[in-house]
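Student: Can you read through this structure? Questions will come right after.
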């Protein structure tokens, strides 16, 4: 960008159409509040299907994309921004679309040498009728984030998760079923270009109850974060390097977050998925990790805006 940062008009996209709307509103508010006073103008946009028209009329210098989930994070909005030629944050169209598809992104990560879970895609009604693999296993939508629609089928369960076959299921006709990996829940934030990304640190996440679902992620006090994680040095370093490798392999830009499970009994580290637009809420992991390495929330948001470009 050629204009001084203080002269910029930044549009912050939030809300949107996905099941992660409330999380996005919180992320967007935090980012917009952080930019107030740093730039000339901040426009807060609750993104709807008229987004292209709204942006064409506003003519912002930069778009900070704080949308999460379907439509905002899967390449659709990125395509609008590319068409309008507005510099924007986070990953571009192709990386966003691929990473949002958990099954396809796993194939790319596996080919790049990243350890990922087994399992695969199944018709949701088949998954609701019978165990498609021995419990314990995880059922999750193939294209959702924030642990929306995720179920743990425990060892010894009499049957699968019936909710997956319900008529009001809205997360796609195919679901991803993966073996449950016991141990620690870990996360690593990565910032930077695909040619030189930097992993920040490793967070060990302990849900207060149950497993790391939507409530544990976003409810105040829903989980306990320990950073840096208390891990064997080799495992800690592997999590950093695997996150950077995943960021590059998927073509991510700006900020990403890799989620892991570490089976400490068998010393196995597995990357579950990569998030191209991680949360920026008060309980989110990325701003917490950035603060740990000396980058405050306002500094992180400023970095994201300065990193914006088009095409991505």
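We did not get these values from a lab; they are worked out from the coordinates using the rules stated. Please read all numbers here as calculations on a predicted model, not as lab measurements. Note that each Cβ is placed from the backbone with ideal geometry, even for glycine, and that neighbours are counted across all protein chains shown.
Student: Quick check: the distance between the Cα centres of region 84-130 and region 133-201, to the nearest angstrom?
Tutor: Using only Cα atoms to place each centre, the spacing works out to 11 Å.
Student: Compute the helix-to-body angle for 233-249: its Cα long axis versus the longest principal axis of the chain, expressed 0 to 90° and rounded to tens.
Tutor: For helix 233-249, the angle is close to 60 degrees.
Student: Could you give the angle, 0 to 90 degrees to the nearest 10, between helix 297-307's Cα long axis and the longest principal axis of the Cα atoms of the chain?
Tutor: That works out to roughly 70 degrees.
Student: If I model a spin label as a point 7 Å beyond the Cα along the Cα-Cβ vector, how far apart are those points for residue 133 and residue 306 in nm?
Tutor: The two pseudo-label positions are separated by 4.3 nm.
Student: Here's something else I'd like to know. Could you identify which residue out of 35, 231, 272 has the top mean-square fluctuation in a GNM of the chain using Cα springs shorter than 10 Å?
Tutor: Sorting by GNM fluctuation, first place goes to 231.
Student: Also: To the nearest 10 degrees, how steeply does helix 102-111 sit against the main Cα axis of the chain, on a 0 to 90 scale?
Tutor: 90
Student: Give me the Kirkwood hydrodynamic radius of region 64-173 in Å, from all C-alpha pairs, to one decimal place? Please list the in-between numbers first.
Tutor: Values: mean 1/r = 0.0635 Å⁻¹.
In region 64-173 this quantity evaluates to 15.7 Å.
Student: Ranking 201, 276 by Cβ neighbours within 10 Å, fewest first, what do you get?
Tutor: On the way: 201 18, 276 30.
Exposure proxy ranking, most exposed first: 201, 276.
Student: Hey, what number do you get for the chain at 222 nm if only DSSP H runs of n ≥ 4 count, each worth -39500 (n - 2.57), divided across all residues, to the nearest 500?
Tutor: Working: 10 runs with 97 residues, N = 312.
Mean residue ellipticity, 222 nm, calculated: -9000 deg cm²/dmol.
Student: To continue, here is another question. Please check: in the Gaussian network model of the chain (C-alpha springs, under 10 Å), which one of 125, 21, 261 has the largest mean-square fluctuation.
Tutor: Most flexible of the set in this elastic network: 125.
Student: Share of antiparallel DSSP beta bridges in the chain, in percent to the nearest 5? Can you show the working numbers first?
Tutor: Details: 38 of 50 bridges.
Beta bridges within the chain, antiparallel portion: roughly 75 percent.
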